[in-house]
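S.K.: Please read through the structure below; I'll follow up with questions.
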Amino acid sequence: MEGIQMVDLIGQHLKIENELREAMGRVLATGAFVKGPEVHAFAEELAEFTGSKHVIPCGNGTDALQIAMMALGIGPGDEVITTGFTFISTVEVVALLGAKPVLVDIDPDSFTIDAVQVEEAITERTKAIVPVHLFGQMADMTALAAISRKHNIPIIEDNAQAIGAQWTDDSGKMHQSGTIGLLGTTSFFPSKNLGCMGDGGAVVTQDEKMAAACRQIANHGMSKQYHHDVVGINSRLDGLQAAILRVKLRHLPRYIAARQEAAKRYDRMLQDVKGITIPKRTENSTHVFHQYTIRVEASRRDSMREHLKSQGIPTGVYYPIPGHAQKAFASFGYETSRFRESSHAASEVLSLPMHTELNEEQQSFICDAIHIFV
Ligand SMILES: *Cc1c(COP(=O)(O)O)cnc(C)c1O
């Protein structure tokens, strides 16, 4: 079978081509290429979607993390507790700001940060806790929010992979991912669940002061034109991306449903296959399936990958080297023995094609190839 892709953006965009062209045409006509009315409207629409009061659009998801950390004043001498089983950005920005990334291991079922170990890692230098809602499922926000309250340490949710996921708290109330912590950050990189056609990101918060600080930092630390009160950065969303995101945000609920349907089909086709483990769902989070990630015995993972590749089936390994083992962070001296689950996961995970256009026929082909291999 031809044309199976990890992500099929061309197929997705073809179905909404008229809407996209109309949106891009509006930007061409107004000439508001950086910031401007489309960016403003998108921020309002995303605020409405997430139920968060403030949305600060910015250049990408990495910047969003950096802006959030700068708004908390994180710098040299500070510690930030997070997970190394993530895309590099989450850990990188902590190091970039001169602070120490304090990495803890993950819960093997959800691949997200282990809340018990988070509490154990707290010191008087801890300035933030950064859970990552990996693959589309949220970290244990009930436990983390309790730890945050008890120790008075803010949470920044790295929500680059789980926009639209929801958490049910102990009272039964649902919360959108990214809105439980003091700050939430996200990315609109094209392959993310809400992606644009270039780079984009945002910080969300309910807190007025944090919102003002983030806005100022993202705009060169400027209070009014050419008055720079703090050292900031240059991080903006452009008009074209915002116009595209406004269109795609309208379709996001449908896109999430399509991913969840595809995940159910994979579950059904793979549940009885020996030697692989299908993704576990946690109790309180919905799963928006940024990735459909199975576990395969470490000794066979790479050969399964090769086999699938030979059948024209792409796969991904997210992530092959956890943060604690990255050369860039060697100076922090992480002890490998403390990251048993992250290391296991790194050698066992295999992400299968997952996107809004994936159909049953393609999935049968993929799952048959897996069957034959095992
Ligand atoms: C994609 C991603 C980021 C970074 O987003 P960019 O827009 O690429 O900078 C950060 N954290 C996680 C978990 C991601 O998946």
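S.K.: Give me the distance in nm between label points sitting 7 Å out from Cα along the Cα-to-Cβ direction at Glu261 and Glu297, one decimal.
M.R.: With each label point 7 Å from Cα toward Cβ, the separation is 3.6 nm.
S.K.: Counting only Cα atoms, I'd like the Rg/Rh figure for the chain, Kirkwood definition for Rh. Before the final figure, lay out each step's value.
M.R.: Details: Rg = 20.6 Å, Rh = 21.2 Å.
When Rh is taken as the Kirkwood radius, the ratio is 0.97.
S.K.: Convert each backbone phi in region 43-51 into a coupling constant with the Karplus relation 6.51 cos²θ - 1.76 cosθ + 1.60 (shift: θ = phi - 60°), then list the ³J(HN,Hα) values in order as whole Hz, x for Gly and Pro.
M.R.: Result, rounded to whole Hz: 4, 5, 5, 5, 4, 4, 4, 7, x.
S.K.: Under 13 Å between alpha carbons, and skipping anything fewer than 8 positions from Lys15 in its own chain: which aspartates and glutamates qualify?
M.R.: Partners within reach: Glu357.
S.K.: Then there is this: So what are the ³J(HN,Hα) numbers for region 220-228, from phi and the Karplus equation (6.51, -1.76, 1.60; θ = phi - 60°), rounded to whole Hz, Gly and Pro as x?
M.R.: 6, x, 8, 9, 10, 3, 6, 10, 10
S.K.: Quick check: from the Cα gyration tensor, does region 315-372 come out rounded (a/c under 1.5), prolate or oblate? Walk me through the intermediate numbers first.
M.R.: Values: a/c = 4.72, a/b = 2.76, b/c = 1.71.
Here region 315-372 falls in the prolate category.
S.K.: Based on the alpha-carbon gyration tensor of region 217-373 and its eigenvalue square roots a ≥ b ≥ c, which shape applies: rounded if a/c is under 1.5, prolate if not and a/b is larger than b/c, or oblate? Don't jump to the answer; show the numbers that get you there.
M.R.: Numbers: a/c = 2.62, a/b = 1.44, b/c = 1.83.
The shape class here is oblate.
S.K.: By DSSP, what percent of the beta bridges with both residues in region 146-280 are antiparallel, rounded to the nearest 5?
M.R.: On the way: 10 of 13 bridges.
Around 75 percent of the beta bridges assigned by DSSP in region 146-280 are antiparallel ones.
S.K.: Please give, to one decimal in nm, the separation of the simple spin-label points placed at Asp170 and Glu48, each 7 Å out from Cα toward the Cβ.
M.R.: 3.5 nm
S.K.: Here's a follow-up. Rolling a 1.4 angstrom probe over the protein heavy atoms, how many square angstrom per residue are accessible across region 245-321?
M.R.: Working: 3750 Å² over 77 residues.
For region 245-321, the solvent-accessible area averages 49 Å² per residue.
S.K.: What fraction of the DSSP beta bridges in region 9-245 is antiparallel, stated in percent and rounded to the nearest 5? Let's see the in-between values first.
M.R.: Details: 17 of 31 bridges.
Around 55 percent antiparallel, to the nearest 5.
S.K.: Give, rounded to the nearest 20 debye, the magnitude of the charge dipole that the chain has about its Cα centre when Lys and Arg contribute +1 at Cβ and Asp and Glu contribute -1 at Cβ. Present the calculation step by step, with values, prior to reporting the outcome.
M.R.: On the way: 35 positive and 44 negative charges, 90 e Å.
With only Lys, Arg, Asp and Glu charged at Cβ, the dipole is about 440 debye.
S.K.: If packing is taken as the average number of other Cβ atoms within 10 Å across a peptide's residues, how do 169-175, 103-109 rank, most packed first? Walk me through the numbers before you get to the answer.
M.R.: Numbers: 169-175: 10.4, 103-109: 20.7.
Sorting 169-175, 103-109 by mean packing, highest first, produces 103-109, 169-175.
S.K.: Can you give the FRET efficiency to the nearest 0.05 for Glu335 and Glu208, using r as the Cβ-Cβ distance and R₀ = 51 Å? Numbers along the way, then the final one.
M.R.: Numbers: r = 41 Å, r/R0 = 0.81.
The computed FRET efficiency comes out at 0.80.
S.K.: Continuing with this model, one more query. Out of every Cα pair in region 58-154, what percent are spaced more than 16 Å from each other? Could the numbers behind the result be given before it?
M.R.: Values: 2431 of 4656 pairs.
Result: 52 percent of Cα pairs exceed 16 Å.
S.K.: Now a separate question. Long-range amide H contacts for Ser235: which residues qualify at under 5 Å (H placed 1.01 Å from N, peptide plane, sequence gap of 5 or more or a different chain)?
M.R.: For Ser235, the qualifying residues are His220.
S.K.: Same structure again: Quick one: Karplus J couplings for region 21-34, per residue in order, coefficients 6.51, -1.76, 1.60, θ = phi - 60°, nearest Hz, x for Gly and Pro?
M.R.: 5, 4, 5, 5, x, 4, 5, 4, 5, 8, x, 7, 7, 10
S.K.: Going by a ≥ b ≥ c, the root eigenvalues of the Cα gyration tensor, does region 90-207 fall in the rounded group (a/c under 1.5), the prolate group (a/b larger than b/c) or the oblate group?
M.R.: Numbers: a/c = 1.61, a/b = 1.21, b/c = 1.33.
Oblate is the answer for region 90-207, as a/c is 1.5 or above yet b/c matches or exceeds a/b.
S.K.: I'd like the accessible area for Lys280: 1.4 Å probe, protein heavy atoms, all chains in place, Å² to the nearest 10.
M.R.: Solvent-accessible area, nearest 10 Å²: 100 Å².
S.K.: I'd like the distance between the alpha-carbon centres of region 195-258 and region 72-86, rounded to an integer number of Å.
M.R.: 22 Å
S.K.: While we're here: When all protein chains stay in place, what accessible area (Å², nearest 10, 1.4 Å probe) is found for Arg250?
M.R.: So the heavy atoms of Arg250 present about 150 Å² to solvent.
S.K.: Can you tell which of Glu208, Glu357, Glu341 shows the greatest fluctuation in a Gaussian network model of the chain with Cα springs below 10 Å?
M.R.: Comparing Glu208, Glu357, Glu341 in a Gaussian network model of the chain, the most mobile one is Glu208.
The values are calculated or read from the model by the stated rules, or taken from the named source; none is laboratory data. Worth saying up front: this structure is predicted, and the values here are computed from it rather than measured. Note that we place each Cβ from the backbone using ideal geometry, even for glycine, and neighbour counts take in every protein chain shown. What goes into the accessible areas is simple: the full protein's heavy atoms, side chains included, and nothing from ligands, DNA or RNA. Shrake-Rupley method; radii C 1.70, N 1.55, O 1.52, S 1.80 Å.
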